[in-house]
Amino acid sequence: MAVNLLLGLQWGDEGKGKIVDVLTKNYDIIARFQGGPNAGHTLEFDGIKHVLHTIPSGIFHDKAINLVGNGVVIDPVIFKKELDNLNTFDLDYRSKLLISRKAHLILPTHRILDAASEASKGKAKIGSTLKGIGPTYMDKTGRNGIRVGDLELKDWKKRYRSLANKHEAMIDFYDSKIEYNLKELENEFFEAVEMLKTLTFIDSEEYLYQAQKEGKTILAEGAQGSLLDIDFGTYPFVTSSNTTAAGACTGLGIAPNKIKEVFGIFKAYTTRVGSGPFPTELFDNDGATMAKVGHEFGATTGRPRRCGWLDLVALKYAVQVNGVTQLMMMKGDVLSGFSSLKVCTAYTYKGKTITHLPYTIEPENVTPIYTEMKGWSEDLTKMTKASELPDELNEYITFLEKELETPITIVSVGPDRKQTIYR
Ligand code: GDP
Ligand code: IMO
Ligand code: MG
């Protein structure tokens, strides 16, 4: 019996989808615990690239059950598109895709509210994915939300109408001049809801409890990254859920003492999409090379991702907050060809050298202090064994393991399932 967690340690897009897909063969159940279609999880195998937003990344395997947990927010319209896409493959997802009755629904007006709120912020905007995430979680904590289980009740459309009316008044309040045709959006929404209702809704906490009793293995899949966590991230430039380990307990109903391994995924460098502070961000050729070689464009919005050196101050913080037991380093292949690499090991913060993440990491307060390391020139993408990795990469890995006091057990050398090296 084991529940393991897998989560991102940076600002998202670390490669969680790829690793969940790689590890699914070892699990009976893959369970997404938070976030919504703001996530874009990319999987690649047999020459095909898949991007999933709400559906867990184990869906392409024959046996594993894929559960959308109570902590997730679901946009039926996007969910339907994801399923339409799966329909183009020979895949019987119906028998292995389960949805928690307690997951909240993203309404069309949540999306408009997200856009109106962002527009009202001007330059201070969060850089939200505009998927309605913030407003939906606000209704959840404000105790106004509509949940998947409500769709089984007769009066849910009445509740929908009353909430949508309230949202319209709020949208007017923003005076954002955003134009929308609610009737059209609602037609699309109600059609997608009918499709959603053909799937299996369950009391997922009970399902997971019984599964644990039966000795089934569970992998909890996180979305976003630890620095986007609503409590521990770079607030207010964060998402609206707990992306860190504790989010798996509340987002699935799994007790903390049942969690065994915590897999922390990070890129060999750092990226961020959207606004907010990023101490090691590069504005030079090195950053442009990372963006180009790493194809750093958002899987959900297509926006270019900002790139920079690895930040060990931030990474150490994420390892601590999550209790990471194993690290997995992604995209080392992207750094091939850099003659030297920089790793941030401390900050100068208000004139002092510090090695912990301070309350604010705005550029006016924080200057990164770097350790320089030798780069490697070998192409890693065809390598399959740890013994093939170049010495300089091994030195990079050993340095990180020592600083982070945690072993790096997987080194990913390309987007494909097969480009995965175990150590
Ligand atoms: P996620 O949100 O954490 O699942 O990550 P994304 O899918 O948004 O972004 C990761 C991107 O990097 C995707 O395009 C992946 O296909 C790609 N990727 C994952 N691992 C590797 C790797 O080791 N090397 C390279 N070059 N690309 C990778
Ligand atoms: P995955 O799971 C990267 C960012 C947005 C924005 C902030 C708030 O693919 O790693 P939101 O739409 O949640 O209100 O946006 O969070 N963001 C992500 N960045 N990867 C993600 O997910 C993200 N989900 C949200 O860019 O800065
Ligand atoms: Mg992503």
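The values are calculated or read from the model by the stated rules, or taken from the named source; none is laboratory data. Predicted model, so just to flag it, every value in this text is computed and none were measured. FYI the Cβ positions are ideal-geometry reconstructions off the backbone, even for glycines, and counts take in every protein chain you see. Surface areas here come from the heavy atoms of the whole protein model, side chains and all, with no ligands, DNA or RNA. Shrake-Rupley method; radii C 1.70, N 1.55, O 1.52, S 1.80 Å.
Calculated accessible area for the range 1-142 comes out at 32 Å² per residue, all protein chains present (probe 1.4 Å; ligands, DNA, RNA ignored). Of the residues Ser162, Ser340, ranked by 1.4 Å probe accessible area with the largest first, the sequence reads Ser162, Ser340. Other residues lying with their Cβ under 13 Å from the Cβ of Tyr347 contribute a combined charge of 0, Lys and Arg counting +1, Asp and Glu -1. An ellipsoid equivalent to the range 187-296, defined through the eigenvalues of its Cα gyration tensor, has semi-axes of 34, 21, 14 Å when rounded to whole angstrom and sorted largest first.
For the chain, the longest principal axis of the alpha carbon atoms and the long axis of helix 156-174 meet at an angle near 60°.
Amide H to amide H, with H built 1.01 Å from N, Ala220 comes under 5 Å of Asn4, Leu5, Leu6, Ala31, counting only residues 5 or more places away or on other chains. Taking θ as phi - 60° and the Karplus parameters 6.51, -1.76 and 1.60, the scalar couplings of the range 238-255 work out to 9, 9, 9, 10, 7, 8, 7, 3, 4, x, 6, 5, 6, x, 9, x, 9, 6 Hz in sequence order, x denoting glycine and proline.
Convex hull over the Cα atoms of the chain, averaged projected area in nm²? Before the final figure, lay out the partial values.
Values: hull surface 81.3 nm².
Result: 20.3 nm².
Spatially, the range 301-320 and the range 205-268 are offset by 19 Å when compared through their Cα centroids.
Computed over protein heavy atoms with a 1.4 Å probe, the carbon and sulfur contribution to the accessible area of the range 68-156 reaches 51%.
Positive end of the dipole of the chain (Cβ unit charges, origin at the Cα centre): among Tyr160, Thr353, Leu91, the Cα lying farthest that way belongs to Tyr160. Between the helical axis of 391-404 and the longest alpha-carbon principal axis of the chain there is an angle of about 60 degrees.
How far is helix 182-196 tilted off the main Cα axis of the chain, in degrees rounded to 10, range 0 to 90? The angle comes out near 80 degrees. Spatially, the range 365-416 and the range 78-122 are offset by 36 Å when compared through their Cα centroids. When nucleic acids and ligands are ignored and a 1.4 Å probe is applied, Tyr370 ends up with an accessible area of around 80 Å².
Pairs exceeding 30 Å between alpha-carbon atoms, taken from Lys131/Lys166; Lys121/Lys258; Lys260/Lys292; Lys102/Lys316; Lys16/Lys402; Lys80/Lys166: Lys121/Lys258; Lys260/Lys292; Lys102/Lys316.
Our coupling estimate for the range 339-354, obtained by passing each phi through the Karplus curve with A = 6.51, B = -1.76, C = 1.60 and θ = phi - 60°, is 5, 9, 10, 10, 10, 7, 10, 7, 10, 8, 10, 6, x, 10, 8, 10 Hz, Gly and Pro reported as x.
Could you report the range 338-407's accessible area per residue, 1.4 Å probe, as an integer in Å²? Walk me through the numbers before you get to the answer.
Values: 4140 Å² over 70 residues.
So the range 338-407 comes to 59 Å² accessible per residue, rounded to a whole number.
Each stretch of four or more DSSP H residues adds -39500 (n - 2.57); spread over every residue of the chain, this sum gives -9500 deg cm²/dmol at 222 nm.
Just the number, please: carbon plus sulfur as a percent of the accessible area of the range 310-409, 1.4 Å probe, no ligands or DNA/RNA counted. On the range 310-409, the fraction of accessible area on carbon and sulfur atoms equals 50 percent. Rolling a 1.4 Å probe over the protein chains gives Ile259 an accessible area of about 40 Å².
Ignoring ligands, DNA and RNA, what accessible area per residue does the range 206-292 give at 1.4 Å, in Å²? Could the numbers behind the result be given before it?
On the way: 3340 Å² over 87 residues.
Here the per-residue accessible area is 38 Å².
With 5 Å bins beginning at zero, the pair-distance distribution over Cα atoms of the range 281-421 amounts to 2, 9, 16, 20, 21, 19, 9, 3, 1, 0 %. By a 1.4 Å probe calculation restricted to protein chains, Arg101 has an accessible surface near 70 Å², given to the nearest 10.
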